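Trainee: Just dropping this structure here.
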Amino acid sequence: MHKGKINKLVRDRGFGFIDDTDGRQVFFHQASLMGISFAALSGDEKVEFEVENSPKGPRAINVNVAK
């Protein structure tokens, strides 16, 4: 599991970006959220997630709020 924090939310389009602790920025889509709604997320929220490769670069999946 990777850890990071929400960097940017694009609410009207249902996606955002996470700053990974490895120093990279990772895209996520609201469909990748587990146990939390997109509307409930806030900027700088700490999250845990897995990363998969996509044609456009790394993508976060199974995103959860960090405990």
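The values are calculated or read from the model by the stated rules, or taken from the named source; none is laboratory data. For clarity, every value in this text was computed on a predicted model and none was experimentally measured. Please note: Cβ atoms are built from the backbone with ideal geometry, for glycine as well, and neighbour counts cover all protein chains shown.
Trainee: Could you tell me whether Ile61 is in contact with a Leu (Cβ under 7 Å, 6 or more places away or on another chain), assigned to a strand (DSSP E or B) and at pLDDT 95 or above?
Mentor: Here the answer is no, as Ile61 does not meet what is asked.
Trainee: Where in the range 1-55 are there strands (runs of 3 or more DSSP E), lying fully within it, with 3 or more residues that are in contact (Cβ under 8 Å) with a residue 40 or more places away in the chain?
Mentor: 2-10, 46-54
Trainee: Report yes if Asp12 is of a type in the set (Asp, Glu) and in contact with a Gly (Cβ under 7 Å, 6 or more places away or on another chain), otherwise no.
Mentor: Here the answer is no, as Asp12 does not meet what is asked.
Trainee: Scanning for something crowded, with 16+ Cβ neighbours inside 10 Å and touching a Ser or Thr at 6+ places or on another chain (Cβ under 9 Å), does the range 39-56 turn up at least one residue?
Mentor: Yes - at least one qualifying residue is present in the range 39-56.
Trainee: Has the range 52-63 got any residue that is out of contact with any helix residue (DSSP H, G or I) (no Cβ under 8 Å at 6 or more places or on another chain) and among the aliphatic types (A, V, I, L, M)?
Mentor: Within the range 52-63, not a single residue is out of contact with any helix residue (DSSP H, G or I) (no Cβ under 8 Å at 6 or more places or on another chain) and among the aliphatic types (A, V, I, L, M).
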